Structure formats: structure tokens, C-alpha cells
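Taken together, the values in this text are just the output of simple stated rules run on the coordinates, not laboratory data. Given the structure is predicted, the values throughout are model-derived calculations rather than measurements. Virtual Cβ from ideal backbone geometry, glycine too; neighbours counted across all protein chains shown.
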Amino acid sequence: MTALERNRGEVFDRFRQISRRFDAPIWDYSDSPICLQREYFYNSQHLNEEGAAVFSAELATRLAQWSMENGQGKKEAGGARAQE
């Protein structure tokens, strides 16, 4: 059993505190279908190149969707965030 498995509740409690403080979502990918595909992993904890590409694409899609839903996609010319 790894250290994270032993104190997972404590770790995620801290994540939730930080999430509330900065009004940011927590996206837990522990149960992602990617985790069940051993061919995507270099070892038990780290994605290999193919797994990283698949995960990155999934994360980018989710981040773009969240950004649009939460008004983060509104930009002024030059990339500065518009004042609301």
C-alpha cells in the first residue's frame, strides 16, 4: 500500500480546502477508464508517452469546456481577460 492510499482522505481534504479557497474545481481521474488500460502506463503510477497523449487530450477537452461554461473564455484583443 502506497502512502497516498493510506492517507487519501486526508490528502483530498486538503485538496478541497485549496479548491474552496481559490474557487477551483477538483478533477479526480482516479476512476478514469484510462487508469484501467495498462498499456498506457510506464509503471504503476506514471503514464507512458501514449497514455500521456490520451490523458492530455481528455484534460484539454475538459478544461476548454469548463472554461467556456465558467466565463474564462472571454478575452480581449491581445489575450488579456475582459473586465466584467
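Summary table below
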| quantity | calculated |
| --- | --- |
| Neighbour-limited loop hits for GluC sites (Glu not before Pro), the stretch 1-49 (at most 16 other Cβ within 10 Å; DSSP other than H, G, I, E, B) | none |
| Estimated distance in nm for a label pair at Leu63 and Asn43, the labels positioned 7 Å out from Cα along Cα-to-Cβ | 2.6 |
| Net charge contributed by nearby residues that have their C-beta within less than 13 Å of Ser56 (K/R +1, D/E -1) | -2 |
| For Phe41, distant residues with modelled amide H under 5 Å away | Asn48 |
| Filtered chymotrypsin sites (Phe, Trp or Tyr not before Pro), the stretch 5-40: DSSP coil and at most 15 other beta carbons within 10 Å | Trp27, Tyr29 |
